[in-house]
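**Q** Could you have a look at this structure, given as structure tokens, before my questions?
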Amino acid sequence: MTNPHLLQRSQWLIVLLFGLLTLLAVLSESSKFQFIYGITFSFTSLVTLLALRLFGFWRGILIAAVAYTIGTQLLGQPLIHLIGVLEVAIVGLMLRRYPGRVFALDTVYWLLVGIPLTYAFYSNEYADGLVNIRLFVCILAINGLFNALFAEIIHQYSPKRLRRSGQHLPSTFSQILVHLALGIVMVSFMLNILVNSMNSFKEVSLYAQEQARQAIHAISQEWENSNARTPWSAQRTEQLQAAVDRYAPASFTISLVGNDSRVIASNRHSLWYMVLRPEADHAYVQITGNLKLSRPKEHFRNLLATTWQNEHFLYEERLLDGSGRFLVKVPLSNYQNYLYNKYDVHLLFLAVSSIVAAAFSLYIQRSVVRSLQRLAVSTTNLPLKLKQRNEPDWPRSSILEIHSLIANFKHMASNLSHLFNESQKSNERLQAQAQLLQQSEERLHQLAYYDMLTGLPNRLQFTRHFQELIDLSATTGSKQKIGVFFADINRFKQINDSLGHSAGDELLKQTADRFINYPGKKCDVFRLGGDEFVFIYAYREEEELVRGAKAIVGSFTEPFVIDGMPLFVTISVGISTYPKDGTDMDTVIRNADIAMYNAKEEGNGCYRFFKPSLAPLIQEKMQLDNGLIKALRENQFSLHYQPKMSATSGELCGIEALIRWTHPELGMIPPDKFIPLAEESGFILEIDNWVFREACRQNKAWQDAGLKKIAVSVNISARHFYQGNLKEMIMRGLADTGLEPQYVSLEITEGVFMRNMEQVIETILYLRGLGIQISIDDFGTGYSSLNQLQRLPISDVKLDRSFIQGITNDEKKSSIVKAIIELVHSMNMKVVAEGVETADESQFCKDLRCDELQGYLFSRPLPPDQLEALLRV
């Protein structure tokens, strides 16, 4: 779209330029300068022809008419001005057919119209032959051609914004050569003839002055010789007149004028005794000290060539005695033929120079431009020609640069031919791959909107689908109710770490299959990532959501089979509804996530609806998660120690270090709240390192204080065997605290043995070699096998508290515990029963030959200062 401000600015620029050219045309016409004596030079047609090119025919005619009309009023010469108007009109008409060729068309005009018309008129006007019409007409035509040439040059190389639309064609090399050659010839000729005209006129002036001086000298010499001492008399006057008649050239007028300006003697007898004051009749221009040139009082009002007949030189020389002066009038016509002959030579020089310049331009064009033009023709649509296997007609040139340019184009054409051949082969390959590309697009769509592992729609597809449902509900006003189920596999990270990622991936695949095919499915299921799945359920009554949630949880009743092993897994489901629990997608999803975490906390394998009161739970979880690092840096963690008692003697035989977190805002945080968070984030490695060092330091301090030397047990995450540097951590902690290795026991879970078994065995053997005790914690809840226990130098096995609780009333449980104890004893390992809370459980464990007992029956976990009292006993 055209900017109106720029358009208005452009219009004002055109108006300003039009006015400026009109003013220049008028000034040029009224201020001509004398080119050679008797002939003037004008730039009016340059301005009018330039206006013709810039503004078009009618505006150019308007400027020409204004300028030449004013010129006629000021200077006369109506025919000359009419010829100027005709020049603009005829050239303007021809430009419509041959645009851009101002100089050529102006040459045609002068040859066919201007020169014949001017010559015919002035030949009739000055039939006496006193005026050199031929020279005058030639100079007038040269003036017009000079202006036409430079009008074309100025327009061709002016800024594009000054030209009319459609006149933005670039200059050709031929045009530049012609403009350059003719411009140099024209300017050189004008300067040459101007300088020579001035010198020639000066030469004539000096010659006329010398002739006058010699004539006066001869007259004075004879007169003085014959009348030196004769008083002034009639006889003396007659002698002076005779000398004047004798020595005065025929074309000269020599007069002796007294101080009263009366003629005493003159070779023009008609002037005798008349008062002669030349300054009163003519205007003079001083040339030298004694020589003047007359000028007509009505300057430029008539044909200027007539000044040769009307004007003269005036030489003045005073008598020595001051009684009078000689006045010598020398007609300019005496020297007209001499000067005109010189001007004719200059015109011939111009003609020859123009022919030479044209021949030179033609030669350059044939040797340079012609080769370039043929090269341009050959390279036009070059790719199409090569593609059609048409060999270009390459030109030849003897000029090195053009020859190199042609060679470069040939080389480029050869490369293009090669590229076309290669592209043809590539096209064939591309056509063969077109179908593959279409398949790839379908594949990309699958990758963008579907999970590659399970084949379920992914998070992006879920977001689009759910938002479409919300938009549809808002648009139709149906207030459709939508339920969102957020499902998360319980203990999936532990399974992934224990069994490996391949087993985790297989579990996710089987989970997706169950979700797709579970009974009563009336919803869409999506996998967001990890072990998180989302269901979108359109419902009428809330009971439908309850049935759907029960079906999802119930689909995990049967065990999964992973690598031939049965694996029991549960799932927690959180439910949020639209628009009840949120009016936008993000709020509904967040609330479903909160409900899911609530389901996890209340127990495995259950579902919970979102309640506003659940929001603080997530905030607390995030607060704990974000506060773990700060807790370690600010010493918010502390260790409590729970005693382990000998089943036979009842004496203190060991302690277990248990971490506690005193939060500055939330108070005491139980381990079961923040340890899983640390496991998920990997920060458990830093926590275990701190616990191990602190436990070793405290035990060494008790020993240095002379208290009982016992082993301290420290729980170690399975991550240390896969991601951490367990060996370096243990060695550095012992070295820094100075505690002997035999007073340290590391408690590990059975999940350690499910990945990188050989690496785990090598690490345990290394630690046992140092003297450190290794204990299997929570035995019976994991995935260890008897074969693994036989291969490892385990010092003791801790029975999980779930086996101890209610053991006195459950025969099946007691039988299992008895079998485990006998099996462990057979492998020369001790058995530790943890979670003993009643005397019956303690006695039952003693009867089953447990080696050590641990539980609230004996002591809760104690801070260091309270445990110190037990060590003193």
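The values are calculated or read from the model by the stated rules, or taken from the named source; none is laboratory data. Note that the coordinates shown come from a computational prediction; the quantities given were computed from them, not determined experimentally. As a convention, Cβ positions derive from the backbone with ideal geometry for all residues, glycine included, and neighbour counts pool all protein chains shown. Ligands, DNA and RNA are excluded from the accessible area calculation, which covers all protein heavy atoms including side chains. Shrake-Rupley method; radii C 1.70, N 1.55, O 1.52, S 1.80 Å.
**Q** Restricting attention to the stretch 667-681, does a residue exist that is in a helix (DSSP H, G or I), open to solvent by 30 Å² or more (accessible area, probe 1.4 Å) and basic (Lys, Arg)?
**A** Yes, the stretch 667-681 contains at least one residue that is in a helix (DSSP H, G or I), open to solvent by 30 Å² or more (accessible area, probe 1.4 Å) and basic (Lys, Arg).
**Q** Evaluate the following for Phe560: is it farther than 19 Å from Ala592 by Cα and among the aromatic types (Phe, Trp, Tyr)?
**A** For Phe560, the condition - farther than 19 Å from Ala592 by Cα and among the aromatic types (Phe, Trp, Tyr) - is met.
**Q** How many residues are in a helix (DSSP H, G or I), touching a residue at least 24 places away in the same chain (Cβ under 8 Å) and surrounded by 15 or more Cβ atoms within 10 Å (Cβ to Cβ) when one looks only at the stretch 82-104?
**A** 12
**Q** Of the numbered conditions (1) open to solvent by 30 Å² or more (accessible area, probe 1.4 Å); (2) under 17 Å from Phe41 (Cβ atoms), Phe189 satisfies every one except a single condition; which is it?
**A** With respect to (1) open to solvent by 30 Å² or more (accessible area, probe 1.4 Å); (2) under 17 Å from Phe41 (Cβ atoms), Phe189 is out only on (1).
**Q** Next question. Mind listing whichever residues of the stretch 632-666 are in a loop (DSSP other than H, G, I, E, B) and buried (at least 18 other Cβ atoms within 10 Å of the Cβ)?
**A** Ala647
**Q** Looking at Pro559, Pro612 in this structure, which one is surrounded by fewer than 18 Cβ atoms within 10 Å (Cβ to Cβ) and under 55 Å from the mean Cα position of the chain (by Cα)?
**A** The match here is Pro612.
**Q** Considering only residues that are under 21 Å from Ser713 (Cβ atoms) and of a type in the set (Ser, Thr, Tyr), which ones fall in the stretch 815-858?
**A** Ser842, Tyr856
**Q** Are any of the residues in the stretch 600-608 in a strand (DSSP E or B), open to solvent by 30 Å² or more (accessible area, probe 1.4 Å) and either over 21 Å from Lys493 (Cα atoms) or hydroxyl-bearing (Ser, Thr, Tyr) (or both)?
**A** Yes, the stretch 600-608 contains a residue that is in a strand (DSSP E or B), open to solvent by 30 Å² or more (accessible area, probe 1.4 Å) and either over 21 Å from Lys493 (Cα atoms) or hydroxyl-bearing (Ser, Thr, Tyr) (or both).
**Q** In the list Ala208, Ala181, which residue meets the criterion of being in contact (Cβ under 8 Å) with a residue 40 or more places away in the chain, over 60 Å from the mean Cα position of the chain (by Cα) and open to solvent by less than 40 Å² (accessible area, probe 1.4 Å)?
**A** Ala208
**Q** Looking at Ser502, is it farther than 26 Å from Tyr578 by Cα, touching a residue at least 60 places away in the same chain (Cβ under 8 Å) and either outside any helix (DSSP H, G or I) or among the small types (Gly, Ala, Ser) (or both)?
**A** In short, no.
**Q** Here's another thing I want to ask about it. Which one of the conditions (1) charged (D, E, K, R); (2) under 20 Å from Phe637 (Cα atoms); (3) in contact with a strand residue (DSSP E or B) (Cβ under 8 Å, 6 or more places away or on another chain) does Glu750 fail to meet, given that it meets all the rest?
**A** It fails just one condition, (2).
**Q** I'd like the full set of residues that are surrounded by fewer than 19 Cβ atoms within 10 Å (Cβ to Cβ), in contact with a helix residue (DSSP H, G or I) (Cβ under 7 Å, 6 or more places away or on another chain) and either in contact (Cβ under 8 Å) with a residue 24 or more places away in the chain or among the acidic types (Asp, Glu) (or both), limited to the stretch 850-867.
**A** Answer for the stretch 850-867, where residues must be surrounded by fewer than 19 Cβ atoms within 10 Å (Cβ to Cβ), in contact with a helix residue (DSSP H, G or I) (Cβ under 7 Å, 6 or more places away or on another chain) and either in contact (Cβ under 8 Å) with a residue 24 or more places away in the chain or among the acidic types (Asp, Glu) (or both): just Pro864.
**Q** When you scan the stretch 434-457, do you find a residue that is open to solvent by less than 100 Å² (accessible area, probe 1.4 Å), among the acidic types (Asp, Glu) and over 33 Å from the mean Cα position of the chain (by Cα), even just one?
**A** yes
**Q** Out of the stretch 730-761, which residues are open to solvent by less than 10 Å² (accessible area, probe 1.4 Å), at pLDDT 80 or above and hydrophobic (A, V, I, L, M, F, W, C)?
**A** If the condition is that a residue be open to solvent by less than 10 Å² (accessible area, probe 1.4 Å), at pLDDT 80 or above and hydrophobic (A, V, I, L, M, F, W, C), then Ile730, Leu739, Val744, Leu746, Ile748, Val760 are the ones that fit.
**Q** Looking only at residues that are under 24 Å from Tyr597 (Cα atoms) and among the charged types (D, E, K, R) in the stretch 461-505, which one is most open to solvent (accessible area, probe 1.4 Å)?
**A** Arg491
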